[in-house]
Structures are given as C-alpha cells and as structure tokens.
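Working notes, structure below.
The values are calculated or read from the model by the stated rules, or taken from the named source; none is laboratory data. Since the model is a prediction, treat every value here as computed from it, not as a measurement. Here the Cβ positions follow ideal geometry from the backbone for every residue, glycine too, while neighbour counts run over all protein chains shown. Surface areas here come from the heavy atoms of the whole protein model, side chains and all, with no ligands, DNA or RNA. Shrake-Rupley method; radii C 1.70, N 1.55, O 1.52, S 1.80 Å.
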Amino acid sequence: MKKIILAVGAHPDDIDISCAGTVAKTITEGGEAYYLVLTDGSKGSEDLTISTRELIRIRKAEQQKAADILGVKKVFFLDFVDGELENTASLRKHIVKIIRQIKPTTVICWDPTLYYDEHRNMVNHPDHRIGGEATMDCVYPFARNARTFPELMEEGLEPHIVEELLILNFQKANFFVDITQTVDKKIAAITCHQSQFENIEKFGERIKEMSKIMSQKAKPKLKYAEGFIKITLRKPG
Ligand SMILES: [Zn+2]
C-alpha cells in the first residue's frame, strides 16, 4: 500500500525544520505527503514595520514554496491565530476532516507532553504542544470513530484508521529515518522561510549538526537522521 504522510505543524516552517527530510524521502520512494499548518504564523516577526496581514501572506508563500520544492501534494492552512491555539472541537473537526479526506497511513505531530527540554535549553511553544495534542486526539480516536462529527459522514467522509503516528521529541526518539539522501532538500525547503532567519546559511549548518546528533542514536548509526517516537496503531478486532 502506498505510504501517505500527513505532517502537522503549528506554524509555517515547523514541518520543514522538524521532518522535511522524512517527507522528501517518502516522496522520492513513491509515497505522497501533505502538510497541515494550524495557525496563520501572524506572530512570527519582531519587525513591526510589516503589517500582520503582510506577514501572514509572506509566511504562507514561504511555506508553499518549501512544500513545492519537496513535492508535497497540498498544504492545508487552517489560519487559527498564531499563539492562541486551543484544543477545541472546532480545531479537531478541521483536522478529522482532513484526515478523512486524504486518508494518511502516517501522521507526524509534535509531542504534546514536551513542555521543555533541559538538554537543549529550550522551552516549547504552546501552539506546538496544543497542536500536537489536538492532532493526536484526532488520530485516535476521533478520525476513526463514526459517531464523532456525524455531519462529516453526511459529507461522505468515512472514518479512517491511521496506521502510524510519528511524534516529534528530540530526546526521546526511538525510531530513526535515514535522511542522508534528502538532508540537502530539507535545507533547501527551510531556506524558503527567509522571514524567520537572520542567517539562514548558519541555520542550515545547525540542521546538519542536529541530524548528525540524531543519527548517532540510531542502530546501526546513520549519517543524517530524523528521529521520532513511533506508535503503531492497532486496527480494531
Ligand atoms: Zn513553531
């Protein structure tokens, strides 16, 4: 069966930074990939000379360009307000609808339990956690449950069982994807997000360093890798 990935990010650039190597590899191997960006990215600049409307437009265009480089079939933008994401029925219904439309075998999302990482000196963005939680809730149980959002059934959107959930958590990763052949494509995709980086070349180098660190956790070791916590979801019965 063809592998179909749905990668879910809170902001334009999240998916490219975290898993574009895996997305590119899947497409290269004959699979399909879709992006789902939950917010409008409207808080992602300290430059107050750019209007919010213009910032949203720029960030969407950057995300679309990056997805095009990788060969992503479609980018879904939900346009919830950046920084205000809540795990509501409205958000879950949007996500369930997209899962039932494209029928992914694999969904990639942020780890909703990741508040901070003391090893990397980082605090996670609340939109990442909340987006991860809502996505996970939709993968199980809501997208596969016929009684959830019955109006979607009326639209012909039948329940769908996602086989595999790949959760983004750098420290706890236990499943590694070899991105040696696609790391340069990943960097090319990230480079599209010009509004987000003062020194995009330096960030590209950083991505290679992170991919190397991740590759050392894999057995056998790889050259460049992306890592996830992998959950294989059982079919009922
Ligand atoms: Zn983000």
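May I ask you to derive the FRET efficiency for residue 221 and residue 90 from their Cβ-Cβ distance with R0 = 30 Å, giving the value to the nearest 0.05?
0.10
Quickly work out the residue 201-to-residue 233 label distance, labels modelled 7 Å from Cα along the C-beta direction, and quote it in nm with one decimal.
4.4 nm
Taking a point 7 angstrom from the Cα of residue 184 along the C-beta vector, which residues in segment 202-218 have backbone N less than 20 Å away?
202-213, 215
Each label point is 7 Å from the Cα along the Cα-to-Cβ direction; what then is the distance between the points at residue 113 and residue 153, in nm?
Label at residue 113, label at residue 153, 3.3 nm between them.
Might you tell me the accessible area per residue for segment 4-232, computed with a 1.4 Å probe and given in Å²?
Accessible area per residue, segment 4-232: 48 Å².
Multiply the residue separation of residue 172 and residue 81 by 0.36 nm, subtract the distance between their alpha-carbon atoms, and state the gained length in nm to one decimal.
Net length gain for the segment: 29.8 nm.
Each label point is 7 Å from the Cα along the Cα-to-Cβ direction; what then is the distance between the points at residue 145 and residue 61, in nm?
4.2 nm
Using only the Cα atoms of segment 4-232, construct the convex hull and provide its projected area averaged over every direction, in square nanometres to one decimal.
Value for segment 4-232: 12.1 nm².
Counting other Cβ atoms within 10 Å of each Cβ, which trypsin sites (Lys or Arg not before Pro) in segment 42-129 have at most 15 and sit in a DSSP loop?
Listed in order of number, the matching sites are 73, 120.
Note down the Stokes-Einstein diffusion coefficient of segment 106-190 in µm²/s, whole number, using a Kirkwood radius over alpha carbon pairs, 4 °C, and 1.567 mPa s.
The estimated diffusion coefficient comes to 85 µm²/s.
Treating only the Cβ atoms of Lys and Arg (+1) and Asp and Glu (-1) as charged, compute the dipole magnitude of the chain about its Cα centre; round to the nearest 20 debye.
1000 debye
Show me, for segment 41-56, the HN-Hα J-couplings you get by feeding each phi into the Karplus relation (A = 6.51, B = -1.76, C = 1.60, θ = phi - 60°), rounded to Hz, glycine and proline as x.
For segment 41-56, the Karplus-derived couplings read x, 6, 10, x, 6, 8, 7, 7, 7, 8, 5, 4, 4, 5, 4, 4 Hz, x marking Gly and Pro.
Of 77, 165, 35, which is farthest along the charge dipole of segment 4-232 in the positive direction, counting Lys and Arg as +1 and Asp and Glu as -1 at C-beta?
Going by the Cα projections, it comes out as 165.
Quantify, in whole percent, the carbon and sulfur part of the accessible surface of the chain (1.4 Å probe; protein heavy atoms only).
Its accessible area is 52 percent carbon and sulfur atoms.
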